[in-house]
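Student: Mind looking over this structure? Questions follow.
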Protein chains: 2
Amino acid sequence: MTMQRIPARIGDALAAVETPALVLDLDVFEHNLDLMANVVRGSGLALRPHAKAHKSPDIAKAQVGRGAVGICCQKVDEAEVFVAAGIADVLVTNEIVAPAKIARLARLAQTATIGVLVDDARNVADLAAAAVQAGGTLHVYVEIDVGSHRCGVAPGEPALALARAIVGSRGLRFRGLHAYHGAAQHLRAPAERQAAIAQASRLAGRTRVLIEAAGIPCPVITGAGTGTWQCERDSSVYTELQPGSYVFMDADYGRNALAPDEHAFEQSLYVLATVMSTPTPERAVVDAGLKALAFDSGPPLVHVARGLTYGKGSDEHGVLDVDPAQAQPQLGERVWLIPGHCDPTVNLYDWIVGMRGERVECVWPIAARGAIG
Amino acid sequence: MTMQRIPARIGDALAAVETPALVLDLDVFEHNLDLMANVVRGSGLALRPHAKAHKSPDIAKAQVGRGAVGICCQKVDEAEVFVAAGIADVLVTNEIVAPAKIARLARLAQTATIGVLVDDARNVADLAAAAVQAGGTLHVYVEIDVGSHRCGVAPGEPALALARAIVGSRGLRFRGLHAYHGAAQHLRAPAERQAAIAQASRLAGRTRVLIEAAGIPCPVITGAGTGTWQCERDSSVYTELQPGSYVFMDADYGRNALAPDEHAFEQSLYVLATVMSTPTPERAVVDAGLKALAFDSGPPLVHVARGLTYGKGSDEHGVLDVDPAQAQPQLGERVWLIPGHCDPTVNLYDWIVGMRGERVECVWPIAARGAIG
C-alpha cells in the first residue's frame, strides 16, 4: 500500500515538479483567502468555509487564522481528520444515519464543537442516543430545502416539528437552520442567482419566525457557496456563510457572469501536466486524464492557452487540439490546466504543491483525500 | 495524513460494510477472470491484462496465476507498485518522457522485464541513455495510431524509422508494435467494432511486414480492450491482448451490443451506498456522489433498480428518482450502484471489499490508487 508519490520538495524549482501535480499559486490563493475574510468580517456575519473543497488542515488553519469561526465538512471521515489536526469547531453539513458513524460523530463531540444536520425525526432520536452514550453534546441544525431539491425538509411546519424534537432531546442542542441552495451556485446570470437566494432567504426567514414564535431560539441560519455568498450576506436573514471553492476557483465557476458589485476570486488551483506526445501538428497529448482531473463539469481549460484546447480526456491522457496558426507545444513542455470542478479534482491528490512564483514554498498533505465515508 | 478508512473486516456481514464502499462480487469476478483466461489460452495468443483498471496486486496475481504473461500499466508510479508486489513482467503502454521518470523506469528494469512505448525518436535516445546508465535493458514497442488519434506514429514508414532507431540503440530491445484502438472499445454495434479492428489489423500487419522486410524481427503486436478483444484475437495479426475492464465491467461497457458469438462478461464491481435522506416520496438521497464515482461516462446505474434511477450527483450526494408506483427506499437502506466507468471509479478508493454471498471474504488494497505519475 502506497501513498501517492510526493511530486515536489520545498525549494524545488518549477521544472522539478513531477506531473501530473496539483499546484497552488500561493499569491492568488492568499488574495482569495484575504478577500473573503475581510469582506465577511465587515458584514458582521460568521464565516465557516467549506473544507470539502480543499480537504487540507493547512488551509483550514489559514481560514481560522483569518477569523473563520470553524469549518464545514460533509463526512464523518473528514470531521475526524480536521478535529485531529486541531480544528475545534466543525459543522458536518449533511445527514449522518449509519449507527457506527453516528457513534463516531458523538465521540468527536467529546473534544470539539460538532454540528450536524437532520431532516428526519428518527435520525434525531439516533443522534440523541449516541450523544448521551458518549457523554457529549451535538449541535444540530434542521436542513430545509430552499430550492436545491436534494436533502432537507420543507420550510415551515416540518422544520418546526424537527426543531421541537431536537429541543426535547437530551444530548442535542438546537442551533438553527441549514439553508444551502446548491443549485443556485452555478446559475450563470447574477439576476438568476439573486432571485434564487431571495426566495431561499424568504423561506428561511419565515421558518425562523415560526420556530421562534414557538419559543425556540434559532440563532443560526447557515448556507451560501462561492456563487451566491454576497446574496446571502445581504439577505438580512443568513447569519453564517459557507463558501468553499473561493480559495481555488475552477472553470465552472469561471463561467458565472458577475454583477458589477460582486467580488471576483481568481484562479489559484491548477493541474500541472506534461506534453508526452506530439504525434501530429494539430495534436499534443498530456499526461493528465480522468484520474488527474474531474470531468463532471466538463474538461479543464488550458491556462495561457496559446491556441491549445483540451479536447478529449481518457484515463491517463488528455488530447490537446492545437491551433495550426500557433506553435505546437514541445515534447516535455509543461501545460497548466484549470480544473473543470475543483472539489472532486482535489480529491484525486494526496498532495498540493504551493508555488511562490517559480519556487515550491510548501507541499501540503490533502489529509482528507478519500475521506468519503 | 490518513489512508482511506478500511470499510470492512474479513468475516463481516454485508450490513457491517461502511459506505460508500467499492465492492466486488467474487463469484462473478472469478467467472470473468476464468472466462478470459480460458478463451485466450485456447487461441494461442498471449494475455497481458491491463492493470490500470484494477490497480490491485492481488488481482494482477490472480491474472498471472491463470496464465497471463504479465500485466500492462500506464504510469511509472503504477509499474513500481506492481514490481514491488512481485509482478515480474510489466508493459507500460505509454510514452514516458520526463527524465526522472525514465530513470526510474530503467532502474525497474534491473529486476523485472519492463516494456515501454515510443512515438518519437528523441524519446528513443533518452530511454537508451537511461537504460545504459542503469545497466539494464528496456523492451520497447513502437506505438502506431490505428484509429484512436491519441498517441502513436502513423503506421508504415514512420514506425519502421523508429524500429531502426531502437534496434540501433544500446540498452533497448525492440519487441514490436503497440496497436491499441481505444476509440473502438465503446462503438455500440458489433459490426462497427469489427470494422474498426479489421482496419487496425490491416495497418498493424502491413507495418510488421515492412519492418520485417527491413530485416528487423517484430515478434509482438499488442493491443485490444474489453470491447474488441475477440476481434484482435481473430485477426491473425495481433499476438497479445490487453483487456482490463473485463474483470469488473461497468455501465458504459454494458451499453455495447454483443454479437451472438461474443463472450459476455458480467458486472462484478459495485459502489455500495446508503440512503441518507428520504425527504419526499419521489426522491431518496444516497451518500455516494462525485467523490465516490467517476461521472465521465455518465451517472451510475442502480442494480436491481426497483424503480430507482440515479439522477443528479453532487460532491457527496446522489439523488435517486423514485418511481411513485414502487415502494420508496428506507432511511439507512443499502443501494448497489454500477459505476459508469470502472477505471477512474476504482482510482477513488484505497480498498476493495470482496464479498462471497453476504460475507466479506477479503479486503484488498488498491495499492496503485493515485499512482498517476
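Residue-by-condition table, conditions (1) more than 21 Å from B:Gly227 (Cα to Cα); (2) out of contact with any Lys or Arg (no Cβ under 6 Å at 6 or more places or on another chain):
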{"residue": "B:Glu18", "(1), (2)": "yes, yes"}
{"residue": "B:Leu22", "(1), (2)": "yes, yes"}
{"residue": "B:Gly42", "(1), (2)": "no, yes"}
{"residue": "B:Ala46", "(1), (2)": "no, yes"}
{"residue": "B:Ile59", "(1), (2)": "no, yes"}
{"residue": "B:Gln63", "(1), (2)": "no, yes"}
{"residue": "B:Cys72", "(1), (2)": "no, no"}
{"residue": "B:Glu78", "(1), (2)": "yes, yes"}
{"residue": "B:Ala84", "(1), (2)": "yes, yes"}
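Student: More than 14 Å from chain B (Cβ to nearest Cβ) and under 21 Å from B:Asn123 (Cβ atoms): which single residue out of A:Ala284, A:Ala305, A:Ala327 fits that description?
Tutor: Numbers: A:Ala284 fails: more than 14 Å from chain B (Cβ to nearest Cβ); A:Ala305 fails: under 21 Å from B:Asn123 (Cβ atoms).
So the residue among A:Ala284, A:Ala305, A:Ala327 that is more than 14 Å from chain B (Cβ to nearest Cβ) and under 21 Å from B:Asn123 (Cβ atoms) is A:Ala327.
Student: Continuing with the same structure: Report the residue count in the stretch B:157-193 for those that are out of contact with any helix residue (DSSP H, G or I) (no Cβ under 6 Å at 6 or more places or on another chain), within 24 Å of B:Gly215 (Cα to Cα), small (Gly, Ala, Ser) and away from chain A (no Cβ under 14 Å).
Tutor: Adding up the residues that qualify gives 2.
Student: Right, something else. Identify, by number, the condition in (1) without any contact (Cβ under 8 Å) to a residue 60 or more places away in the chain; (2) surrounded by fewer than 20 Cβ atoms within 10 Å (Cβ to Cβ); (3) farther than 30 Å from A:Asp89 by Cα that A:Ala264 doesn't meet.
Tutor: (3)
Student: I would also like to ask the following. Name the pairs: first residue in the stretch B:8-31 and farther than 22 Å from B:Leu348 by Cα, second residue hydrophobic (A, V, I, L, M, F, W, C) and modelled with pLDDT of 95 or more, Cβ to Cβ under 6 Å, at least 6 apart or on different chains?
Tutor: Here the result reads B:Asp12/B:Val360, each pair linking the stretch B:8-31 to a residue that is hydrophobic (A, V, I, L, M, F, W, C) and modelled with pLDDT of 95 or more.
Student: Still on this structure, I have one more. Scan the stretch A:118-147 for residues that are facing another protein chain (nearest Cβ under 9 Å) and not acidic (Asp, Glu) and report the count.
Tutor: Step one: of the stretch A:118-147, the residues facing another protein chain (nearest Cβ under 9 Å) are A:119-120, A:122-123, A:143, A:145.
Keeping just the survivors that are not acidic (Asp, Glu) gives A:122-123.
Looking only at that region, the number is 2.
Student: Hey, another quick one. Of all residues in the stretch B:330-360 being charged (D, E, K, R) and not in a strand (DSSP E or B), which is nearest to A:Leu127 (Cα to Cα)?
Tutor: We begin by selecting, within the stretch B:330-360, every residue charged (D, E, K, R); these are B:333-334, B:343, B:350, B:356, B:358-359.
When the remaining residues are screened for being not in a strand (DSSP E or B), the result is B:333, B:343, B:350, B:358.
Details: B:Glu333: 18, B:Asp343: 37, B:Asp350: 29, B:Glu358: 28 Å.
Per the stated criteria, the residue is B:Glu333.
Student: Moving on to the next point. Can you spot a residue in the stretch B:226-243 that is of a type in the set (Gly, Ala, Ser), touching a residue at least 40 places away in the same chain (Cβ under 8 Å) and closer than 23 Å to B:Ile59 by Cα?
Tutor: Filtering the stretch B:226-243 down to residues of a type in the set (Gly, Ala, Ser) leaves B:227, B:235-236.
Those still in the list that are touching a residue at least 40 places away in the same chain (Cβ under 8 Å) too: B:227.
From what is left, the residues that are closer than 23 Å to B:Ile59 by Cα are B:227.
Yes; the residues of the stretch B:226-243 include at least one that is of a type in the set (Gly, Ala, Ser), touching a residue at least 40 places away in the same chain (Cβ under 8 Å) and closer than 23 Å to B:Ile59 by Cα.
Student: Something else now. Mind telling me which of the residues A:Leu337, A:Leu348 ends up being surrounded by 23 or more Cβ atoms within 10 Å (Cβ to Cβ) and more than 10 Å from chain B (Cβ to nearest Cβ)?
Tutor: Details: A:Leu348 fails: more than 10 Å from chain B (Cβ to nearest Cβ).
Among A:Leu337, A:Leu348, only A:Leu337 is surrounded by 23 or more Cβ atoms within 10 Å (Cβ to Cβ) and more than 10 Å from chain B (Cβ to nearest Cβ).
Student: Specify which of the listed residues (A:Glu266, A:Glu232) is away from chain B (no Cβ under 14 Å), closer than 30 Å to A:Ala15 by Cβ and of a type outside the set (Ser, Thr, Tyr).
Tutor: Details: A:Glu232 fails: closer than 30 Å to A:Ala15 by Cβ.
The match here is A:Glu266.
Student: Here's something else I'd like to know. Let me confirm something: among A:Thr226, A:Thr207, which residue is of a type in the set (Ser, Thr, Tyr), assigned to a loop (DSSP other than H, G, I, E, B) and at pLDDT 95 or above? Break it down stepwise before answering.
Tutor: Values: A:Thr207 fails: assigned to a loop (DSSP other than H, G, I, E, B).
Only one candidate passes the filter, namely A:Thr226.
Student: Right, here's the next one. When A:Gly311 is evaluated against the numbered criteria (1) over 27 Å from B:Leu127 (Cβ atoms); (2) within 11 Å of another protein chain (Cβ to nearest Cβ); (3) touching a helix residue (DSSP H, G or I) at 6+ places or on another chain (Cβ under 9 Å), which criterion, by number, is the only one it fails?
Tutor: Just one mismatch for A:Gly311, condition (3).
Student: While we're here: Do we have A:Glu143 as within 30 Å of A:Asp252 (Cβ to Cβ), among the acidic types (Asp, Glu) and surrounded by 24 or more Cβ atoms within 10 Å (Cβ to Cβ) here? Please lay out each step first, then the result.
Tutor: Values: within 30 Å of A:Asp252 (Cβ to Cβ): yes; among the acidic types (Asp, Glu): yes; surrounded by 24 or more Cβ atoms within 10 Å (Cβ to Cβ): yes.
Against the criterion (within 30 Å of A:Asp252 (Cβ to Cβ), among the acidic types (Asp, Glu) and surrounded by 24 or more Cβ atoms within 10 Å (Cβ to Cβ)), A:Glu143 qualifies.
Student: Please tell me if A:Leu272 is within 14 Å of another protein chain (Cβ to nearest Cβ), at pLDDT 95 or above, assigned to a strand (DSSP E or B) and buried (at least 16 other Cβ atoms within 10 Å of the Cβ).
Tutor: Details: within 14 Å of another protein chain (Cβ to nearest Cβ): yes; at pLDDT 95 or above: yes; assigned to a strand (DSSP E or B): yes; buried (at least 16 other Cβ atoms within 10 Å of the Cβ): yes.
Against the criterion (within 14 Å of another protein chain (Cβ to nearest Cβ), at pLDDT 95 or above, assigned to a strand (DSSP E or B) and buried (at least 16 other Cβ atoms within 10 Å of the Cβ)), A:Leu272 qualifies.
Student: Another question, then. Going by the conditions given, is B:Ala294 within 24 Å of B:Asp323 (Cβ to Cβ), within 14 Å of chain A (Cβ to nearest Cβ), aliphatic (A, V, I, L, M) and buried (at least 24 other Cβ atoms within 10 Å of the Cβ)? Can you show your working first?
Tutor: On the way: within 24 Å of B:Asp323 (Cβ to Cβ): no; within 14 Å of chain A (Cβ to nearest Cβ): yes; aliphatic (A, V, I, L, M): yes; buried (at least 24 other Cβ atoms within 10 Å of the Cβ): yes.
For B:Ala294, the condition - within 24 Å of B:Asp323 (Cβ to Cβ), within 14 Å of chain A (Cβ to nearest Cβ), aliphatic (A, V, I, L, M) and buried (at least 24 other Cβ atoms within 10 Å of the Cβ) - is not met.
Student: Any residue in the stretch A:194-202 that is farther than 26 Å from B:Gly332 by Cβ and within 14 Å of chain B (Cβ to nearest Cβ)? Spell out how you get there, then give the answer.
Tutor: Step one: list which residues in the stretch A:194-202 are farther than 26 Å from B:Gly332 by Cβ, which gives A:194-202.
Subsequent filtering for residues that are within 14 Å of chain B (Cβ to nearest Cβ) retains none.
The answer is no; no qualifying residue exists.
Student: Among (1) within 13 Å of another protein chain (Cβ to nearest Cβ); (2) in contact with a helix residue (DSSP H, G or I) (Cβ under 6 Å, 6 or more places away or on another chain); (3) assigned to a strand (DSSP E or B), where does B:Thr278 come up short?
Tutor: Only one criterion is unmet by B:Thr278, namely (2).
Student: Would you be able to tell me the number of residues in the stretch A:356-373 that are out of contact with any Asp or Glu (no Cβ under 6 Å at 6 or more places or on another chain) and more than 13 Å from chain B (Cβ to nearest Cβ)?
Tutor: Final tally of qualifying residues: 6.
Student: Please go through (1) surrounded by fewer than 23 Cβ atoms within 10 Å (Cβ to Cβ); (2) over 16 Å from A:Ser56 (Cβ atoms); (3) away from chain B (no Cβ under 12 Å) for A:Asp321 and return the number of the only condition it doesn't satisfy.
Tutor: The single condition A:Asp321 does not satisfy is (3).
For (1) buried (at least 17 other Cβ atoms within 10 Å of the Cβ); (2) at pLDDT below 95; (3) farther than 24 Å from A:His303 by Cα; (4) among the β-branched types (Val, Ile, Thr), each residue gets a yes or a no:
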residue	(1), (2), (3), (4)
A:Ile6	no, no, no, yes
A:Thr19	yes, no, no, yes
A:Leu33	yes, no, no, no
A:Ala53	yes, no, no, no
A:Ile59	yes, no, no, yes
A:Ala62	yes, no, yes, no
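The values are calculated or read from the model by the stated rules, or taken from the named source; none is laboratory data. Predicted, not measured: the structure shown is a model, and the values here were computed from it. All Cβ positions, glycine included, derive from the backbone under ideal geometry; neighbour counts span all protein chains shown.
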